[in-house]
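Worksheet for the structure shown next.
The values are calculated or read from the model by the stated rules, or taken from the named source; none is laboratory data. Keep in mind that this is a model prediction, so the values were computed, not measured. Cβ placement follows ideal geometry from the backbone for every residue including glycine, while neighbour counts extend to all protein chains displayed. The accessibility values were calculated without ligands, DNA or RNA, using every heavy atom of the protein model including side chains. Shrake-Rupley method; radii C 1.70, N 1.55, O 1.52, S 1.80 Å.
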2 protein chains.
Amino acid sequence: MGVGVATLADVARRAGVSTATASRIINGSSKPVTDELRARVLAAVAELRYVPNAHAQMLARSNRNAVGVLVHDVSDPYFAEITRGLQRVATAHGRLVIICNTFREPARELEYIDLLHAHQVAAIVVAGSGYLSSDDETELHDRMTAFETTGGRIAVIGRHSHTSDAVLPANEEGGYLAGAHLFELGHTAVGVVAGPAALTTTADRLAGLHRAAEAHGRRLEVVHADFTRDGGEAATAKLLAEHPGLTAVAALNDSMAVGALAAMRSAGRNLSVVGFDDMPIARDVTPALTSVRLPLTQLGERAMELALTPPADSAPRVEHIPAELIRRESTWPLTRPS
Amino acid sequence: MGVGVATLADVARRAGVSTATASRIINGSSKPVTDELRARVLAAVAELRYVPNAHAQMLARSNRNAVGVLVHDVSDPYFAEITRGLQRVATAHGRLVIICNTFREPARELEYIDLLHAHQVAAIVVAGSGYLSSDDETELHDRMTAFETTGGRIAVIGRHSHTSDAVLPANEEGGYLAGAHLFELGHTAVGVVAGPAALTTTADRLAGLHRAAEAHGRRLEVVHADFTRDGGEAATAKLLAEHPGLTAVAALNDSMAVGALAAMRSAGRNLSVVGFDDMPIARDVTPALTSVRLPLTQLGERAMELALTPPADSAPRVEHIPAELIRRESTWPLTRPS
DNA sequence: CGGTAACAGGAAAGCGCTTACCTCAACGCT
DNA sequence: AGCGTTGAGGTAAGCGCTTTCCTGTTACCG
């Protein structure tokens, strides 16, 4: 057993057939072959522990069978959930999924787009908020179209695009739902624990919140921080200190909401809080979080479906995924003792 | 711009040079080239938006530059954390990471091992508990050695292996820590919310718990369920119903511990509970979970380090990663009103 | 029984790169 | 002047597969 990998030629030689025949048998081609030879080749494959070189295969038959996925961080429950949906349908289509974590660094996004392009993936799904405006964003757009002109398909999730298929969660509407809920409970002084200002997700959710505020003739106190638990804790602490009169806060995602709960606990305060995304953790904290649910898995599924389905015509397809308010125990009418 | 992808030959033609020269320039080979030609080639690359075909490259220069990772499910916080560590060091070594979710299905593990093998990855890291005994396990072992004889390297995390490098979390010791903690607090009737009995992780942690029980002359009531929050809730409900005298429970991971908290809440009971893994959620539930901490990220880092470092000699290397008990508010002395 | 169609299998041309080897010219040396 | 060097670039042989022809058999038909 030499150090070299066994090749098709080795198998063919051992079975006393041509590489053509060996290839046909191994791939279950439609060409008819005697059982005799089939057996010999299969035996050789087993004995040599032959595993075909995927790169050579890709090169020879120039079909693309993998799909790439760009997410900020699969470890983040938000993206984990989306990724689950992506994987499900990709696997159902027999595609291999290559996941790339960009950690919200535009440079990494560019790098990965090229890398996936180089690997001849059939499609790329870009999940996650884009930036409101930046050179990187247009550069990214460039690379994406370059990929598309080679026959690759692109679908984006929660990122505005005028050229690619997109599936958009109802961030603005969800923000409105959260705001309306709080105002209808009678709260008049509400704070917002927002994510990074440059992200479109933050902007969209905030817009919905502001629309609700205007509809009720109120205004919001907004503090920005990272979309993390600790970010939420810090932002809430700041809100509590600077605006003691607040009776409710809206967090732009559940991680931040959990942080908000922690901040309130340390401050000995007890405001209503509404989260966003309805992550699994929402029902396990105390009080259980009222939250705006986004069907994340479905978001992923739809996106992958778009990416894998050839477009009917050239116009980019857009799908909107609705949001829904899930009421739990973290919000209550203003009259209740705070 | 035809539908076909631009190739090196296209670039060379457009720049009026040979493909050899083009290749050298693009890859920054050491061979000297006039600035004139370099400029022409680079211009052609830009104009054609040329991106080299990774498969052709892999085939030509037969070096392996990617590494594969097999995990049960990246969405699971436990594996997400490990994966983070794996990625960090892989990226530091300039390797591309291919993540494969096996969803604890042995068949999928086999499939992915072959797939990674076919893709000529430099190494494979298998993360996650193996099965106490099964045909699949030996079959898996077979494929792994097949991969290794072709020059690939393998490292496993938390899975016993006599042939590959391994990094082992202190599951048994951690179990002992959890048990000892409870017994030292005076509890005498403790239940265990365990994961699937067939997993080595369950077996190891349970072994530690039993060792602690014996050391204190006690016995444990064990119920098995899935390693999930819902599994933990169900198992705890069962425990509560069948053994009303229990005053404490040890959950074999934090997800189950969270489920245990939920079950106790619905049952109106209030026992001490100790979790395992010290996931981020541990500090955000009420009461905050006492838990056995395993440095998961480090586990991943060490494993990738082993996988990427050629072994000094042929003997498999084994690293042990210690566990530590983190005390929070979910455990208390028996004397306190339950 | 000659002719043809269906069959089994092989030869070889790529797929898009990298790289060992070769060529050609200009240069410097004795 | 003759010759070995060196510099700059090209030629072409693969890397390991797939697949399109192409060849030699065998079976079947009138």
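Per DSSP helix of 4 or more residues, -39500 (n - 2.57); summed, then divided by the residues of chain B. What does that give at 222 nm, rounded to the nearest 500?
Result for chain B: -14500 deg cm²/dmol, rounded to the nearest 500.
Filter the DSSP H helices in chain B by two things, a Kyte-Doolittle mean of at least 0.5 and an axial alpha-carbon span of 15 angstrom or more, and list the hits by number.
Working: long enough: B:35-48 (19 Å, 0.54); B:77-92 (23 Å, 0.00); B:106-118 (18 Å, -0.12); B:135-149 (21 Å, -1.37); B:171-184 (19 Å, -0.41); B:200-215 (22 Å, -0.32); B:229-242 (20 Å, -0.40); B:254-267 (19 Å, 0.77); B:296-308 (18 Å, 0.35).
Helix filter hits for chain B: B:35-48, B:254-267.
Ordering B:SER30, A:SER133 by how much accessible area each has at a 1.4 Å probe, largest first, what is the list?
B:SER30, A:SER133
Using the Karplus curve 6.51 cos²θ - 1.76 cosθ + 1.60 with θ = phi - 60°, work out ³J(HN,Hα) for each residue of the stretch A:119-130 in order, rounded to whole Hz, and write x for Gly and Pro.
Whole-Hz 3J(HN,Hα) from phi for the stretch A:119-130: 7, 6, 5, 6, 7, 10, 10, 9, 10, x, 3, x.
Which sequence of A:HIS162, A:HIS141 reflects their accessible areas, 1.4 Å probe, from the largest down?
Result of the area sort, largest leading: A:HIS162, A:HIS141.
Note down the nm distance, to one decimal, between modelled labels 7 Å out along Cα→Cβ at A:THR286 and at B:GLU184.
Reported label-point gap for A:THR286 and B:GLU184 is 2.5 nm.
Provide Rg over Rh for the stretch B:8-60; use the alpha carbon set for both Rg and the Kirkwood Rh (inverse mean inverse pair distance).
Value, to two decimals: 0.95.
Calculate the FRET efficiency for A:GLU214 and B:ALA197 from the Cβ-Cβ distance with a Förster distance of 60 Å, rounded to the nearest 0.05. Intermediate results must be reported in sequence, preceding the final value.
Values: r = 58 Å, r/R0 = 0.97.
That gives a FRET efficiency of 0.55.
Please compute the net charge surrounding B:LEU132, taking Lys and Arg as +1 and Asp and Glu as -1 over other residues with Cβ under 14 Å from its Cβ. Don't skip to the answer; put the middle values down first.
Working: positive: B:ARG104, B:ARG159, B:ARG205; negative: B:ASP135, B:ASP136, B:GLU137, B:ASP204.
Result for the neighbourhood of B:LEU132: -1.
Ranked from the most accessible area to the least, with a 1.4 Å probe and all protein chains present, what is the order of B:ILE25, A:ILE281? Could you put the intermediate results ahead of the total?
On the way: B:ILE25 10, A:ILE281 40 Å².
Largest to smallest exposure gives the sequence A:ILE281, B:ILE25.
Evaluate E = 1/(1 + (r/R0)^6) for B:SER18 and B:ARG108, where r is the Cβ-Cβ distance and R0 equals 30 Å; express this FRET efficiency to the nearest 0.05. Can you show the working numbers first?
Values: r = 46 Å, r/R0 = 1.53.
With a Förster radius of 30 Å, E is 0.05.
Taking a spot 7 Å from the Cα of B:ASN27 along the direction of its beta carbon, which residues of the stretch B:76-95 have an amide N less than 20 Å from it?
What the label zone holds, given the 20 Å backbone N cut-off, is B:94-95.
Can you give me the distance in nm between label points at B:GLN298 and B:ASN63, each placed 7 Å from the Cα along the Cα-to-Cβ direction?
3.3 nm
Please give the FRET efficiency for A:HIS243 paired with A:GLU148, using the beta carbon to beta carbon distance and R0 = 45 Å, rounded to the nearest 0.05.
The pair A:HIS243/A:GLU148 has a calculated efficiency of 0.40.
State the extension gain, in nm to one decimal, for the chain segment bounded by A:HIS162 and A:LEU132, taking 0.36 nm per residue of separation less the distance between their alpha-carbons.
Difference between extended and current length: 9.4 nm.
List the relative contact order of the stretch B:171-294 as a percent without decimals, with contacts defined as Cα pairs under 8 Å and 6+ residues apart. Don't jump to the answer; show the numbers that get you there.
Working: 264 pairs, mean separation 30.9, N = 124.
Once divided by the residue count of the stretch B:171-294, the mean separation gives 25 percent.
Rounded to the nearest 5, what is the percent of antiparallel bridges among the DSSP beta bridges in chain A?
For chain A, the DSSP antiparallel bridge percentage is about 10.
Stokes-Einstein at 4 °C, 1.567 mPa s, Kirkwood radius from Cα pairs: D for chain B in µm² s⁻¹? All intermediate terms of the calculation are to be shown ahead of the outcome.
Values: Rh = 22.6 Å.
D, rounded to a whole number, is 57 µm²/s.
So what is the relative contact order for the stretch A:8-60, in percent, with contacts set as C-alpha pairs under 8 Å and at least six apart? Can you show the working numbers first?
Values: 41 pairs, mean separation 19.6, N = 53.
Relative CO of the stretch A:8-60 lands at 37 percent.
Taking amide H positions as placed in the peptide plane 1.01 Å from N, state which residues far from A:GLY158 in sequence (5 or more) or on other chains have amide H under 5 Å from it.
Here the answer is A:VAL167, A:LEU168, since their amide H atoms fall under 5 Å of that of A:GLY158.
If I take every Cα pair under 8 Å that is 6 or more residues apart in chain A, average their sequence separation and divide by the length, what percent do I get for the relative contact order?
16 percent
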